[in-house]
Amino acid sequence: MKILLVDDHAIVRDGVRRLLQTSMTADIIEATGGQQALQIVQDSQPDLVLLDLNLDGMGGLEFIQRAMKLDSPVRIVVLSMHSEPAYVTQALKAGAVGYVSKAAPPEEVIAAAEAALAGKRYIERDLRTKLGPTNEADPLDKLTLRELEILRLLGRGESLTSIAELLGIAYKTVANTCTQMKHKLGLERTADLIRVALGGETVTKK
């Protein structure tokens, strides 16, 4: 059995590797970015990918989309700092079979990995509560995968120019996407978008 860990922080990869090794026997491969991970998936065909969403270049959501288009789609469990319902929903729509936040207890990570390997979907218990009926109108659900990627990078402190470089798209495309997001979320300034990305701005449900 092969498991691919995708995270740009070595200390996180080391911790998850040690956790997995206490509960299962697997050949664990590591990648620091989406493009590298996609190549490993194509070459090594791992049974499972544990994926962070915060990656340079090809972000986690884009990686999921591309991985699902391969001849042999891989099972993907997201392990992310993002616990907002919109990210969970979009990751699952893109093709992930599991989602666990980095704040979850270690046993949830193991449970998600085991469920995915068994062909089952797994969402962290606390996140399942957030995904209940009262969150169906979450304003961030209006955003596309690309918009969520740009919002994620804004929250990381990246400028519009650096976002364009990281995603390999034109500056104008990033600026226009930010304008579209502000319109969708009823915001006026890019600074408001950044506060939303950081969780410090409340978006009114419409």
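The values are calculated or read from the model by the stated rules, or taken from the named source; none is laboratory data. Bear in mind that the values here come from a model prediction, so they are computed numbers and not experimental data. Positions of Cβ are backbone-derived with ideal geometry, glycine not excepted, and every protein chain shown enters the neighbour counts. Remember, those area values only see protein heavy atoms, side chains included, never the ligands or the DNA or RNA. Shrake-Rupley method; radii C 1.70, N 1.55, O 1.52, S 1.80 Å.
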**Flag if V100 is open to solvent by less than 10 Å² (accessible area, probe 1.4 Å) and farther than 25 Å from Q21 by Cα** = no
**Item:** Output for region 166-191, where each listed residue is at pLDDT 90 or above, under 15 Å from L143 (Cβ atoms) and among the basic types (K, R)
**Value:** K182
**Asked** What pairs can you find where one residue is in region 16-36 and in contact (Cβ under 8 Å) with a residue 40 or more places away in the chain, the other is open to solvent by 60 Å² or more (accessible area, probe 1.4 Å) and not hydroxyl-bearing (S, T, Y), and their Cβ atoms are less than 7 Å apart, with a gap of 6+ or different chains?
**Response** L19/P106
**Item:** Unique match (being closer than 19 Å to G155 by Cα, open to solvent by 30 Å² or more (accessible area, probe 1.4 Å), under 15 Å from the mean Cα position of the chain (by Cα) and not small (G, A, S)) among M68, M81, M58
**Value:** M81
**Fill in**
In region 38-57, residues that are in contact (Cβ under 8 Å) with a residue 60 or more places away in the chain and over 16 Å from L117 (Cα atoms) total 4
**Request:** Can you work out which of the residues in region 22-48 that are assigned to a loop (DSSP other than H, G, I, E, B) and open to solvent by 20 Å² or more (accessible area, probe 1.4 Å) is nearest to M58 (Cα to Cα)?
**Result:** T32
**Message:** Checking the conditions here, which among I169, I150 is surrounded by 18 or more Cβ atoms within 10 Å (Cβ to Cβ) and under 21 Å from E62 (Cβ atoms)?
**Reply:** I150
**Message:** Taking the conditions exactly as written (open to solvent by less than 10 Å² (accessible area, probe 1.4 Å) and farther than 20 Å from L167 by Cβ), does V88 satisfy them or not?
**Reply:** yes
